[in-house]
Structure formats: structure tokens, C-alpha cells
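Undergrad: Provided herewith is a single structure, encoded as C-alpha cells, for subsequent inquiry.
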Amino acid sequence: MSTDFKSIPLIDIGPLLAKCDDPDMGEDPGVAEVVRQLDRACREAGFFYVKGHGIPESLIKKVRTLTREFFKLPYEEKSKIKMTPVAGYRGYQRVGENITKGVPDMHEAIDCYREVRQGMYGDLGKVMEGCNQWPVNPPDLKPIMEEYVSLCTELSRKIMRGIALALGGSPNEFEGQRAGDPFWVLRIIGYPGASKANGLGTPENDIGCGAHTDYGLLTLVNQDDDITALQVKNLSGEWISAVPIPGTFVCNIGDMLKIWSNGLYDSTLHRVINSCPRYRVCVAYFYEPNFDVPVEPLDFCVRRTGGTRKFGRACYGEHLVSKVQTNFVE
């Protein structure tokens, strides 16, 4: 459960990554310190920055540069990969087409998912079947984003090994049948600058993305270094800014980890308000469980939280499909 945190902690995960595939990683003092920090961050805020993550800064910046190049294109060009239900909810959404709790979001985006072959998950996955739609321009957007997804997937797996230890389990709790074949989501997002049309420039009139929690296990946010827009809600209802720290990812935990941890770790409400007059880009990678996995509180987490199961069984794929189908308007 989140607390009245006033800032978001920064964690150097280098020691965790260095020992991540060592069977005795939990006994390493450097790993133990990272695990302690992860546990505190997940309990108190549900959000944290990571540095020492090993993904080249040049690639992180290139991802944002290509994102900005795409969104500068005319609508007629961008709409060639327009998102539709027939496309498995993959592709481009113009400003206002994404919906959060019934309210249009003031951002445009390309939505990508792990590709789902026909019949791969039976009726459960039918809605998500399809291939990602990539634009012709910029020509290197597709290969760069696919490389980026691959690195983010591996990084997330390693962070989740640390979180598994933080919860009191073995490092591989979130591998195998739970997340050994992880689904993933990539949202390539652009937020127009704050509107000055009314002469006031009140940012609350331009909610880039309404308050929500994320669906899966772990999110990695790659945001512009010089525009503060992401806000996280603490227990008192205050919105705490996730001020950009160059060279880091902003990480947060999702609904499925909340269930598996029996509420020990909460998926925290967050939103985006771009009150800056400049256009902001952000690329959010979502590391998810196996698509068709049943999710229910882990026994050792139930014991750690008083012995009572606080949540029933959920299915990640069902949760995702229900959200996708209500987050889009044609």
C-alpha cells in the first residue's frame, strides 16, 4: 500500500544485474541492498527510478528521437497505420482517441503488443490476434523499437528477480508458468504542449493521460529529460511529480503484481499533465505475465500479509482485453 511519499526513490540496480543469473544471488551483499531498496520502494510508492540498468543511453535517446520524428509527420501519413479492432488494437491513435475512465486523453500514440498468432490463446486471445503496424517513415523506427523491446524485456526479467526476493520468494517466482513467456506492450506516445488558447494555460484542461494504474507486472518509462509531466498519487491524494533524471527509467508496478503480492505492493495511480508549451514524447514498455496465466495471491505473500487472501483469482489476458476494449474510440 502506498504511503505519503513526497519523492520517488532512485535505485542503482547495477549490483543486481551483475549477479542476476547466479543461483546464489540472494546471498550477495550488493544484491541484498538493492533488494532492500526495491522492497521499500514497492511498499511505499509503487514507483522508483533505476540507474545502472545497462541499456545504452544512445539507444534510449534514439528511441525518443524517432518517436518525435514520427509524430511530426502529417496526419495523413500517420493514419496509414491507424489502430482498429480488426488490427488487434495495434497502430496509431490520434489525439483524443485513447480513453481513460470515459475521458479522452490528450495524446497521440502507436500501440504495439507481443504478436499473437491465430489461435495462440484460443478465444481468450482472439481480440489481440495480429501483427504490429509499423510506419514506413522513419524507416529505422521498426528495427530500433524491436531491439529496444528485446533489451527492456531482459532488463524487466532481471528487475523482477530482485522483486521476487524482496517479497520473500525465490528469484524465479515470476518465471516459468507465471511470466516465463511474458506478454509485453509498448506505447509510443506524444503529448502536445499545453494549450494557451484560453489565455490562461491551465494544465488541468489538458490531461495528457488520465489517472490510472498499469495492468501487468512492471513498467519502464523512457521520458524526455527536460519536461516534467508524469505525476504519481500518494496516500493523502497529493500528486508527486516524477521529475526526469537523465539516464534512468521510471519504473512502476502493475495490477497483476498487486494481486500476486496480496496487496503488499500496490499499483499506484498516476497521470500525465504536460503543462509545458513544448511537445513531449515518452515510450512506455510494459512487462506482463504469461497471457493466459491465472493470477492469485502467492502463499508466502499471504503469510507475510496476515494470512488472509485479499484478492480472488484473475487472468491477465482477460484483464488486458477488458481494458483495451474500453480504452479506444473509433
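Undergrad: What are the pairs with Cβ atoms under 7 angstrom where one residue, in segment 125-139, is more than 17 Å from Val149 (Cα to Cα) and the other, located anywhere, is assigned to a strand (DSSP E or B)? Sequence gap at least six, or different chains.
TA: Matching pairs, first to second residue: Gly125/Val116; Met128/Tyr113; Met128/Val116; Glu129/Val116; Gly130/Arg90; Gly130/Val116.
Undergrad: Need pairs with beta-carbon distance below 6 Å; first residue within 12 Å of Glu318 (Cβ to Cβ) and touching a residue at least 12 places away in the same chain (Cβ under 8 Å) and within segment 285-300, second among the β-branched types (Val, Ile, Thr) and not in a strand (DSSP E or B); sequence gap 6+ or separate chains.
TA: Qualifying pairs under 6 Å: Val295/Ile259.
Undergrad: A further question on this structure: Considering only segment 61-118, state which residues are on the phi > 0 side of the Ramachandran plot and open to solvent by less than 10 Å² (accessible area, probe 1.4 Å).
TA: Gly88, Gly91
Undergrad: Scan the helices (runs of 4 or more DSSP H) fully inside segment 229-330 and keep the ones with 2 or more residues being surrounded by 22 or more Cβ atoms within 10 Å (Cβ to Cβ) and touching a Leu at 6+ places or on another chain (Cβ under 7 Å).
TA: 255-260
Undergrad: May I pose another question? I need a count of the residues in segment 150-181 that are more than 18 Å from Asp39 (Cβ to Cβ) and of a type in the set (Gly, Ala, Ser).
TA: 4
Undergrad: Yes or no: Ile55 part of a loop (DSSP other than H, G, I, E, B), touching a helix residue (DSSP H, G or I) at 6+ places or on another chain (Cβ under 6 Å) and modelled with pLDDT of 95 or more?
TA: Yes; evaluated as a whole, the condition is true for this residue.
Undergrad: Could you grab me the full set of residues in segment 134-143 that are surrounded by fewer than 19 Cβ atoms within 10 Å (Cβ to Cβ) and within 20 Å of Thr84 (Cβ to Cβ)?
TA: Matches in segment 134-143: Trp134, Val136, Lys142.
The values are calculated or read from the model by the stated rules, or taken from the named source; none is laboratory data. What you see is a predicted model; the values in this text were computed from it and never measured. Reconstructed Cβ throughout: ideal geometry from the backbone, glycine too, with neighbour counts over all protein chains shown. We work out accessible area using only protein heavy atoms, side chains counted, and drop any ligands, DNA or RNA first. Shrake-Rupley method; radii C 1.70, N 1.55, O 1.52, S 1.80 Å.
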